[in-house]
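The values are calculated or read from the model by the stated rules, or taken from the named source; none is laboratory data. Predicted model only: the values in this text are computed from it and were never measured. Glycine also receives a Cβ, built like all others from the backbone with ideal geometry; neighbour counts cover every protein chain displayed.
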Amino acid sequence: MSGHIPVMQAEVLATLAPHANGTYLDATFGGGGYAEAVLAAAPCTLWAIDRDPDAIARGAALAARYPGRLHLIEGRFGDMVTLLGAAGVGALDGVMFDLGVSSFQLDTDARGFSFRRSGPLDMRMGRSGPTAADLVNTLSEAALADVLYRLGEERRSRRIARAIIAAREVAPIETTGQLADIVRSVVPKDGSGIDPATRSFQALRLEVNDELGEITRGLAQAAELLGPGGRLVVVSFHSLEDRLVKQFMVTASGRAPSPSRHDPGGLRRTAAPRFRLISARALRPGEAEIARNPRARSARLRALERLEMHA
Ligand SMILES: C[S@@+](CC[C@H](N)C(=O)[O-])C[C@H]1O[C@@H](n2cnc3c(N)ncnc32)[C@H](O)[C@@H]1O
């Protein structure tokens with residue numbers, strides 16, 4: 001099992017700009033790469049959430065290296081107001097999100113995230129709720145096709161759903177290898193080098209973990225927790241995530257996509273903004289980082305700053 005290489009860590013740190021005595025939240029602790037960078041950059045306090053108990057357990061070593069400064073909480077970031085409230089935390093000076101799964105999760109066969117390896121068809125980041133196997137063995141054909149289409153942007157969703165139903169009538173689908181083979185049997189390779197099972201695995205993972213619902217709840221709560229001058233930094237990895245992040249930030253900064261035909265694609269002001277966009281466009285990783293870490297290829301960083309009162 002390999003470690004997790006943090007993506008756009010330098011850009012995240014520069015944008016969050018942690019300062020002495022500040023209080024920050026890492027909403028997706030993972031392998032603790034971002035957390036360690038923040039702890040090393042300024043004598044601040046860092047709260048860190050992850051829904052994966054393995055990530056929280058691994059974090060104990062980092063907490064021991066920064067006594068009294070890193071506080072780990074197992075839970076979902078969509079519940080951060082409750083989780084931090086229970087710990088007595090009020091306003092935050094910054095929140096960072098690094099969405100999706102960690103390499104620890106992807107590379108552990110038993111977690112069942114990867115179509116490159118065979119493991120139980122699980123895909124849960126946490127330990128509760130239905131697994132991917134529960135979904136593929138119980139959802140109706142129409143519901144499966146809908147998940148694959150909506151969350152995987154899979155054009156062959158109906159054909160795949162039909163193949164899954166046919167296969168499970170013979171025997172339950174229990175492993176990642178079985179599911180990947182079913183998808184590959186009906187989706188031809190397209191010459192891009194991307195495995196035909198990629199989109200279906202993404203769709204099931206998003207559904208199993210309600211990832212888009214978590215992002216919507218997590219961003220709204222992070223915005224609620226930020227004090228004046230506080231910053232929200234989000235790194236996303238695919239278009240469905242990035243679309244939610246962009247919409248949220250554009251709206252929070254008092255702008256909305258223009259309906260005007262005189263300004264197509266433009267932005268217009270809505271209510272008085274409480275936030276400003278730190279940069280109008282998403283930041284992308286540099287070529288050197290992509291060469292070093294192919295997982296960075298699709299990353300996009302977006303960030304907001306909470307304005308002073310009545311700004
Ligand atoms: C890409 S990794 C983060 C890596 C981290 N920035 C680092 O430098 O090591 C994402 C982590 O977020 C966690 N995660 C994803 N969705 C979550 C949610 N809704 N609530 C809490 N943790 C979540 C995953 O379990 C995973 O460990």
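Name the one entry in Ala14, Ala37, Ala27 that is closer than 28 Å to Thr216 by Cβ, away from the ligand (no atom under 13 Å from the Cβ) and under 22 Å from the mean Cα position of the chain (by Cα). Talk me through it step by step, then tell me what you get.
On the way: Ala37 fails: away from the ligand (no atom under 13 Å from the Cβ); Ala27 fails: away from the ligand (no atom under 13 Å from the Cβ).
When all the criteria are applied, what remains is Ala14.
Given the conditions (1) among the β-branched types (Val, Ile, Thr); (2) outside any helix (DSSP H, G or I); (3) surrounded by 21 or more Cβ atoms within 10 Å (Cβ to Cβ); (4) away from the ligand (no atom under 16 Å from the Cβ), and given that Val101 satisfies all but one, which numbered condition is not satisfied?
The failed condition is (4).
With the requirement that a residue be within 22 Å of Asp107 (Cβ to Cβ), away from the ligand (no atom under 11 Å from the Cβ) and in a strand (DSSP E or B), what does region 49-75 give you?
Of everything in region 49-75, just one residue is within 22 Å of Asp107 (Cβ to Cβ), away from the ligand (no atom under 11 Å from the Cβ) and in a strand (DSSP E or B), namely Leu72.
What are the residues in region 137-181 that are β-branched (Val, Ile, Thr) and free of Cβ contacts under 8 Å to residues at least 40 places away in the same chain, if any?
Taking region 137-181 first, the residues β-branched (Val, Ile, Thr) are 138, 147, 160, 164-165, 170, 173, 175-176.
Selection gives Thr138, Ile164, Ile165, Val170.
For region 121-135, does any single residue satisfy the condition of being away from the ligand (no atom under 16 Å from the Cβ) and either assigned to a strand (DSSP E or B) or within 22 Å of Leu219 (Cβ to Cβ) (or both)?
no
All but one of (1) within 12 Å of the ligand (Cβ to nearest atom); (2) modelled with pLDDT under 95 hold for Ser118, so report the exception by its number.
Every listed condition holds for Ser118 apart from (1).
Could you tell me whether region 190-213 includes any residue that is closer than 19 Å to Arg306 by Cα and surrounded by 17 or more Cβ atoms within 10 Å (Cβ to Cβ)? Steps first, please.
We begin by selecting, within region 190-213, every residue closer than 19 Å to Arg306 by Cα; these are none.
No, region 190-213 has no match at all.
What pairs can you find where one residue is in region 200-225 and in a helix (DSSP H, G or I) and of a type in the set (A, V, I, L, M, F, W, C), the other is modelled with pLDDT of 95 or more and within 11 Å of the ligand (Cβ to nearest atom), and their Cβ atoms are less than 6 Å apart, with a gap of 6+ or different chains?
Partner pairs satisfying both residue conditions: Val208/Arg124.
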